[in-house]
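Take a look at the structure set out below.
The values are calculated or read from the model by the stated rules, or taken from the named source; none is laboratory data. Computed from a prediction, not measured in an experiment: that's the story for all the values here. Cβ sites come from the backbone with ideal geometry, for glycine too, and all protein chains shown count toward neighbours. Please note that ligands, DNA and RNA were not included when accessible areas were found on the heavy atoms of the full protein model with its side chains. Shrake-Rupley method; radii C 1.70, N 1.55, O 1.52, S 1.80 Å.
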Amino acid sequence: MLRRWAGLRIHLDAVWAAERRRVFLWVPVLFGAGSGLYLTLPVEPIGWIAPVAAGLFAFGALLLRRYTAPALGLAALALLAAGVAAADWRSDRVSAPVLAHPTGPVDVSGRVVWVGAGDGPQRYLLDRVTIEGLAPDETPTKVRLSIRSTGPHGPASPGSWLSALASLRPPPTPAEPGAWDFARQAWFQRIGAVGFVYGAPDPMVAPEGEGGGPLSWLSQVRHWVSARILAHTSPSAGPFAAALLTGDRSAIEKTTLKAMRDSGLAHLLAISGLHIGLVAGFIFFATRGLLALIEPVALRAPIKKWAAAVALLGAAAYLLLSGMSVPTQRAFVMVGVVLLAVMLDRASLSMRLIAWAALLVLAIAPESMLGPSFQMSFAAATALIATYEAARGLFARMAARGGLVLRPVVYAAGVTLTSLVAGIATGPFAVYHFNRIADYGLLANLGAVPVTGFWIMPWGLVALVLMPFGLEGVALAPMGWGIDAVVWIARQVAAQPGAVSLVPAMPAAALLAISVGGLWLCLWRSRWRFLGIAVIGGGMLLAGLERRPDILVDGDAKVMAARGEDGQLWISTRQRGRFVSDIWLRRDGQAEVPTWPRGGSVAPAAGLRCDVLGCIQRRDGRTIAFVRDPRAFEEDCGRADLVISAVPARDLCQGPETVVDRFDLWRGGSHAIRLEGDRALVESVAGSRGKRPWVAPRSPARKRKTAQ
């Protein structure tokens, strides 16, 4: 026994000696886990507990620094608590009023912060908002409006002021328990209301003393650049070019977006490491080449360091112009550290780069931890760095031995490996957030990525340089040719049979297990890293065991869904609540949209029989009544085991075991019901979200009073 224990100690000491330099890589993981814990708690924690706990754990780790295991455990707890504290502080810092109830039509005015490029229907984001009938302390800081008609004045530009007659409501709650929380996202963006405008908005003069500010000026520059790009490119290539150079994807056609998603090329539209790395690299080599042509400078000055400094400034300008999304922030931090290493004559450590990038992004915006952008960009970057750490020697030997003949083969192998690894790494997150897998993504990336890297982005950068002189058209034309080629590849791949696999939503626990297993596999170097494969397998097993709800009901009682005998979700109507029902179908991994039969007809595959008062479904020996009219209570409540009512039931329905009526939907939001044996398990959105700052109590609509 003592020998076994001694052998285990020796083995653990050897592992620790090999891995101690990699421990830092877990700092952003633990910090981010704390942020994620805060965002998913059912109740708001007491503000001082997390920072105090972080300090105490850190102090304990310092005291026990000679004892490795206890010190590491306390340090891990300190990082978790620090992540909770950072997210709590961020939530408190962005705190702003949220509209308490739907209201309208009312007069709304404010300053335009953001507007999409192009003509036609747009979404405007307003700040400095004034809403008729609301006191200043009840008025949201920002409002997002959908505008169908811009009127004779044309689209507004960032920095301008407008007024409009609009209907407003609080940011939407999740479509079902466990679905994406739009209201939480809006809270951290300080958006307190969303709505739509009647007719066209009217421009107005800015109130006295209301200046634009740096952010407003930057938004105006982005809008101006997007407008210039659209004016000098074809309708097919212009919106794509604007997305690559300014991050504005609002003008891209829905068919093009769908083709890019279905072909696995949607990542090319999100400015990330590929784009900012190409920009920085192009500036670096161009600057260094130009300086090398000046003999006195080339002989006496450190032109490599100068080129790195110019490239860093260019990358920073591109970061600001592109809107500073999470993938762009991550890529800028990584590229910036590499360029700083060049200027300081230091070697850069790739995996440490991604760790520092993740830590900085989470420190600035802890809420990004739960977003698909953060998760997918860092998953891809981490997996790629880990893969090339292992395969770097092989690729170097192949390139060195093959010379010019083998280098194209090495490049093709690198692109293939990159696409394959990135696809595998981001696949679970694509399933969790979007419920789809692009089966031919590898094939599409092999054709599109080289075109983007060696043709589209260099011409785009030249266009930005020439734009102040009005000569951007010279570069935008060849850039458009490359974009047309990428879009053609996307459409051809997306049109193939079986290009997309729709997958039902996986539980959060499954994604967590897959993520932890993937990090364990990528961040360690010893053989024990392969234990991560077992954890990933456990997560995939959890995903396969997930059982989707049998009944779904919208919180506004506009639409319901019931699972039929054929296993599909049948939607009550497509005339109302289309946004919610689309999310239900997507999360169910379902392409077809079967609808309930009309009054007086039957749908045998769904087990539904409907009349003008509601519908009856019989499944597994139980009767379920869906009530539209109170007149149905007398008959349905006497024979049904479960009643779902779009109208208040109160004391009118006493017989069934379970009743979910309009009041339950009003208080709890959307409901999901699972039928298990003789029980009906009911879960509501309000129950899954808990009591958090972004969870506003539901209130009835308040309509504007009209003069009699």
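Structure above, values below:
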| item | result |
| --- | --- |
| Three semi-axes of the equivalent ellipsoid, the range 592-708, Cα gyration tensor, whole Å, largest first | 27, 20, 15 |
| Accessible surface of Met324 - all protein chains present, 1.4 Å probe, nearest 10 Å² | 80 |
| Rough spin-label spacing in nm, given labels placed 7 Å along Cα→Cβ, for Leu299 and Arg190 | 5.6 |
| Stretchable slack from Met324 to Thr623, in nm (0.36 nm times residue separation minus alpha-carbon distance) | 102.3 nm |
| Carbon and sulfur %, accessible surface of the range 165-321 computed with the full protein complex present, 1.4 Å | 66 |
| 32 Å Cα-Cα threshold exceeded, pairs from Lys258/Lys691; Lys258/Lys558; Lys142/Lys691; Lys558/Lys691 | Lys258/Lys691 |
| List Tyr388, Tyr38, ordered by accessible area with a 1.4 Å probe, largest first | Tyr388, Tyr38 |
| All aspartates and glutamates inside 19 Å of Lys304 as judged from Cα atoms, apart from same-chain residues fewer than 8 positions distant | Glu295, Asp345 |
| Within the accessible area of the range 592-683 (1.4 Å probe), percent carbon and sulfur | 47 |
| Kirkwood-type radius of the range 95-204, with distances r between different C-alpha atoms, in Å | 14.0 |
| Phe240 accessible area, assembled protein chains, probe 1.4 Å, Å² | 10 |
| Spherically averaged projected area of the range 477-575 from its Cα convex hull (nm²) | 12.5 |
| Helix-only [θ]222 nm of the chain, DSSP H runs n ≥ 4, -39500 (n - 2.57) each, per residue, nearest 500 | -17000 deg cm²/dmol |
| Percent carbon-and-sulfur accessible area, the range 401-554, ignoring ligands, DNA and RNA, probe 1.4 Å | 75 |
| Peptides 483-494, 186-197 ordered by average Cβ neighbours within 10 Å, highest first | 186-197, 483-494 |
| Computed over the range 490-634, the ratio Rg/Rh where both radii use C-alpha atoms and Rh is Kirkwood | 1.14 |
| Average Cα contact separation per residue, the chain, under 8 Å, 6 or more apart, as relative contact order % | 13 |
| Read-out Cα extents along the principal axes in Å, derived from the coordinates shown; its label in (i) 108, 60, 43; (ii) 94, 84, 55; (iii) 107, 66, 63 | (ii) |
| Radius, Kirkwood style, for the range 164-237 when every pair of distinct Cα atoms is counted (Å) | 16.3 |
| Radius 12 Å from Cβ of Met343, net charge of other residues (Lys, Arg +1; Asp, Glu -1) | +2 |
| Backbone N under 17 Å from the Ser146 label point (7 Å along Cα→Cβ), restricted to the range 217-251 | 250-251 |
| Solvent-accessible heavy-atom area per residue, rounded to whole Å², over the range 76-186 at 1.4 Å | 41 |
| Accessible area, probe 1.4 Å, largest first, for residues Ile583, Ile533 | Ile533, Ile583 |
| Ellipsoid semi-axes in whole angstrom, largest first, where each is sqrt(5λ) of the Cα gyration tensor of the range 40-121 | 45, 16, 10 |
| DSSP H segments from the chain that extend 24 Å or more along their own axis, Cα-based, with Kyte-Doolittle mean of -1.0 or above | 2-19, 68-93, 213-231, 273-292, 303-321, 326-343, 372-434, 473-494 |
| Cα convex hull of the range 410-453, projected area averaged across orientations, nm² | 3.1 |
| Förster radius 25 Å - calculated FRET efficiency between Phe579 and Thr40 (Cβ-Cβ, nearest 0.05) | 0.55 |
| Tyr67 - accessible surface, heavy atoms, 1.4 Å probe, Å² rounded to 10 | 140 |
| Solvent exposure of the range 457-596 as accessible area per residue, Å², 1.4 Å probe | 47 |
| Alpha-carbon gyration tensor eigenvalues x 5, square-rooted, for the range 287-343, Å | 27, 11, 6 |
| For the range 336-386: accessible area per residue (Å², 1.4 Å) | 40 |
